[in-house]
Amino acid sequence: MAKITHKEVFDLLIKEVLEAYPHVENKLDFVSKDILEHLLSNSDGVRERLRQGSFTKDDGEVNQMEAFLLTWVDEVWDVENGNQGLYEKFIADLNGTPQEFDLYDKNVPQ
């Protein structure tokens, strides 16, 4: 098992959301920024929407990867009260200014 950066974790989260809602794939920047804004202001709400909507829409269950992503929301966004610093890095990256992201301290499930 390997560790990946926060950016790579976020990319996995977006991929999972797009699997559940493929019709928004052409609005990737909007979806990414919208999720980030909600992670900043209401990470509990994001976690619940993922758990009860996006992550269970396909098969009714939360798989290992989805559980990993929910843990990331808990540990990185909820515990940090929105994690303003990480939010700003993500927004800068989305706006075209490359950023370096730290490794997330959990191993990615295979």
ask   = So what is the calculated 222 nm ellipticity per residue for the chain, using -39500 (n - 2.57) for each DSSP H run with n of 4 or more, over all residues, to the nearest 500 deg cm²/dmol?
value = -17000 deg cm²/dmol
note = Summed over the other residues with a beta carbon less than 10 angstrom from that of residue 58, with K and R at +1 and D and E at -1, the charge totals -4
query = Using the heavy atoms of the protein chains alone and a 1.4 angstrom probe, what is the accessible area of the chain per residue in square angstrom?
reply = 59
remark   = Compactness summary of the chain: radius of gyration and Dmax from Cα atoms, Å, are 13.2, 38
note = Extend 7 Å from the Cα of residue 91 along its Cα-to-C-beta direction; within the stretch 1-45, residues with backbone N under 18 Å of that point are 7, 29-43
note = Here the gain from full extension of residue 99 to residue 49, 0.36 nm per residue of separation minus their alpha-carbon distance, amounts to 15.2 nm
request  = Just subtract the alpha-carbon distance of residue 30 and residue 57 from 0.36 nm times their residue separation and send over the number in nm, one decimal.
outcome  = 7.6 nm
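Around residue 45, under 15 Å between beta carbons, what's the net of Lys plus Arg minus Asp minus Glu among the other residues?
On the way: positive: 47, 49, 51; negative: 34, 37, 44, 48, 74, 78.
Surrounding charge for residue 45 is -3.
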message = For the pair residue 11/residue 74, report the inter-label distance in nm, with labels modelled 7 Å from Cα in the Cβ direction.
response = 2.6
request  = With a ≥ b ≥ c taken as the square roots of the eigenvalues of the C-alpha gyration tensor of the stretch 46-110, please select rounded if a/c is under 1.5 and otherwise prolate if a/b is larger than b/c or oblate if it is not?
outcome  = prolate
query = Under 5 Å between amide H atoms, partner at least 5 residues away or on a different chain: which partners does residue 104 have, H built in plane at 1.01 Å?
reply = 4, 5, 6
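The values are calculated or read from the model by the stated rules, or taken from the named source; none is laboratory data. All values derive from a computational prediction rather than experimental measurement. As a convention, Cβ positions derive from the backbone with ideal geometry for all residues, glycine included, and neighbour counts pool all protein chains shown. For accessibility, only protein heavy atoms count, side chains too; no ligands or nucleic acids. Shrake-Rupley method; radii C 1.70, N 1.55, O 1.52, S 1.80 Å.
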